[in-house]
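One structure is given below, encoded as structure tokens.
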Amino acid sequence: MTSHRPAAVVIMAAGLGTRMKSATPKVLHEIGGRSLVGHAVLTARALSPEHLVVVVGNGRELVEEHLKLVDPEARTAVQEQQLGTGDAVRAGLTAVPKDFDGSVIVTSGDVPLLEAETLHDLIAEHDKHGNAVTVLTARVPDPTGYGRIVQGADGTVAAIVEHKDATAEQRAIDEINAGIYVFDAVTLRDGLSRLTTDNAQGELYLTDVIGIARTDGKRVGSHVTDDEMQTEGVNDRVQLATLRAELNRRTLTKLMRAGVTIVDPNTTWVDQTVDVARDVTLLPNTQLHGATVVGSGTTIGPDTTLTDVEIGENATIIRTHGSLAIIGDGASVGPFAYLRPGTKLGVKGKIGTFVETKNSTIGDGAKVPHLTYAGDATIGEGANIGAGTIFANYDGVAKHPTHVGKHSFIGSNSVIVAPRTIADGAYLAAGTALTEDVGPGEIAVARGRQRNIKGWVARKRAGTKTAAAAEAALADQPADAAKPDEQQA
């Protein structure tokens, strides 16, 4: 951190968020793989503050539970009633020791694009000039609705004038208050103690602390960010979507500059929490979420959504939906595959077309090429699972495992009734319904014996096109042609 003074951060996250029209507290809505308040906490923690406090109110139990996962060291303070920003910060300071005399950074839980570097610069400006208060500001093309920064002749902040109170001349000012501040702790406490609700809203305004400091002859400075999007907040779902798209654009830009090929950024979504290595290619309509990790040389997409999936190097994943799965180096998945939690695909393994896997380990070089359900299965190295195989793992009460040995071969259209063990180097004949284990080198055949009934079509389907075709084929047969039953004999 630029400053050597001790610092505390207070994040205001107690608002009702009524414009979101949601049962979920506003600050728990997500963009880029994190909640809004999660972004705010992560940015604040990058300052290494001595105290980090989140002010909660609306949906406080949900927000407090979420914060335990996001940052267990963060403290919370409760704003019992939403009586304004001044009241929120006053509540936040109850979680900071009364003798704390460093800098207090005040941010908001609904400004997700704010970066730690911007806060570092704000603090540096504050310390450089020995300000009592320093305000983060931005210049915007349309400042309508925002508080304007009125600069004094000495370059300090003379006043912050709300839009509704501004003169025509003041409304022409394009520098706005971002609602993010650094205060000297003594100045902040003193100012908060002198706030009144003598305003149209009947609330305690944090901006009034700035006016009090100015009246007391203290220096109030500002720091202008050249990235106005960092100051944008979320009040409704339209703004949520706008900032989600902007955050994604920034995430993809960083990835591409780091050596990732993204064929169509307009249809590609990658959470900030995802780790993508160099020389990865992301094809159109790809989404990577959560704690997904992608190894170098891998190609993903098109039309693929992966959440919390670990992918090795040089893998290929096409038209696949997967979550909480592991895909090994050089493996191939899809198209139209569904990888459910607990799937582990080994090096150069294959999960093919219309295959669903769940809680299954598929060994190195093993193949599940198509039309298969593999649940609670362990499939050994080099094994081949034929088309249409079903691992029947559920008996209506409990799930049961199946073990398929190394280099075993499962014939097409087989049903394996778990729990079952198929040893190394074993075979299942096509169409087998397996109800007993299979030993090494054995072949299991469990199906009805085929029976061909001569003349059935002529008797049961007389007059149909099928009967006519059969009659013609019989007429074309040589007189000494062997009968099917004679061939079997």
Exercise. Please work out which one of (1) touching a residue at least 40 places away in the same chain (Cβ under 8 Å); (2) within 30 Å of Ser22 (Cα to Cα); (3) of a type in the set (A, V, I, L, M) is the condition Ile210 fails and give its number.
Key: (2)
Exercise. For the stretch 86-168, please list each of the strands (runs of 3 or more DSSP E) lying entirely inside it that holds at least 3 residues being over 36 Å from the mean Cα position of the chain (by Cα).
Key: 148-151, 157-161
Quiz item: Considering Thr144, Thr156, which residue is at pLDDT below 95, more than 28 Å from Gly33 (Cα to Cα) and touching a helix residue (DSSP H, G or I) at 6+ places or on another chain (Cβ under 7 Å)?
Solution: Thr144
Quiz prompt | Close pairs (9 angstrom Cβ cut-off, 6 or more residues apart or separate chains): in contact (Cβ under 8 Å) with a residue 12 or more places away in the chain in the stretch 49-72, acidic (Asp, Glu) and in a helix (DSSP H, G or I) anywhere | solution = Val54/Glu64; Val56/Glu64
Practice problem: Would you point out which residue out of Leu188, Leu119 is buried (at least 24 other Cβ atoms within 10 Å of the Cβ) and either over 29 Å from Leu243 (Cα atoms) or at pLDDT below 95 (or both)? | Solution: Leu188
Quiz item: Can you name the condition, by its number, that Arg249 falls short on among (1) surrounded by fewer than 15 Cβ atoms within 10 Å (Cβ to Cβ); (2) in a loop (DSSP other than H, G, I, E, B); (3) in contact (Cβ under 8 Å) with a residue 12 or more places away in the chain?
Solution: (2)
Quiz item: Right, Leu243: in contact (Cβ under 8 Å) with a residue 60 or more places away in the chain, surrounded by 19 or more Cβ atoms within 10 Å (Cβ to Cβ) and not β-branched (Val, Ile, Thr) or not?
Solution: yes
Exercise. Starting from the stretch 170-182, keep only residues that are closer than 26 Å to Ala40 by Cβ and at pLDDT 95 or above, then list their pairs with residues that are assigned to a helix (DSSP H, G or I) and not β-branched (Val, Ile, Thr) whose Cβ atoms are within a distance under 6 Å, requiring at least 6 positions of separation or different chains.
Key: Val182/Leu122; Val182/His126
Quiz prompt | Search result, residues across the stretch 27-64 that are more than 16 Å from Leu247 (Cβ to Cβ) and in a loop (DSSP other than H, G, I, E, B) | solution = Ala46, Leu47, Ser48, Pro49, Glu50, Asn58
Practice problem: Could you give me the residue pairs with C-beta distances under 6 Å whose first residue belongs to the stretch 123-148 and is of a type in the set (A, V, I, L, M), whose second residue is in a helix (DSSP H, G or I) wherever it lies, and which are 6+ apart or on separate chains? | Solution: Ala132/Thr187; Ala132/Ala213; Val133/Ile210; Val133/Ala213; Leu136/Leu122; Ala138/Glu228; Ala138/Thr231; Val140/Glu228
Exercise. Just need a number here: residues in the stretch 212-240 that are open to solvent by less than 40 Å² (accessible area, probe 1.4 Å) and in a helix (DSSP H, G or I).
Key: 5
Quiz item: Within the stretch 385-398, how many residues turn out to be under 19 Å from Tyr338 (Cα atoms) and open to solvent by 50 Å² or more (accessible area, probe 1.4 Å)?
Solution: 2
Quiz item: If you scan the stretch 342-370, which residues turn out to be in a loop (DSSP other than H, G, I, E, B) and either open to solvent by less than 60 Å² (accessible area, probe 1.4 Å) or of a type in the set (Val, Ile, Thr) (or both)?
Solution: Gly342, Thr343, Gly346, Val347, Gly349, Ser360, Gly363, Gly365, Ala366
Quiz item: Would the stretch 156-165 turn up any residue that is hydrophobic (A, V, I, L, M, F, W, C), touching a residue at least 60 places away in the same chain (Cβ under 8 Å), open to solvent by 10 Å² or more (accessible area, probe 1.4 Å) and under 20 Å from Leu119 (Cβ atoms)?
Solution: no
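The values are calculated or read from the model by the stated rules, or taken from the named source; none is laboratory data. All values derive from a computational prediction rather than experimental measurement. Positions of Cβ are backbone-derived with ideal geometry, glycine not excepted, and every protein chain shown enters the neighbour counts. The area values use the complete protein model at the heavy-atom level, side chains included, leaving out ligands, DNA and RNA. Shrake-Rupley method; radii C 1.70, N 1.55, O 1.52, S 1.80 Å.
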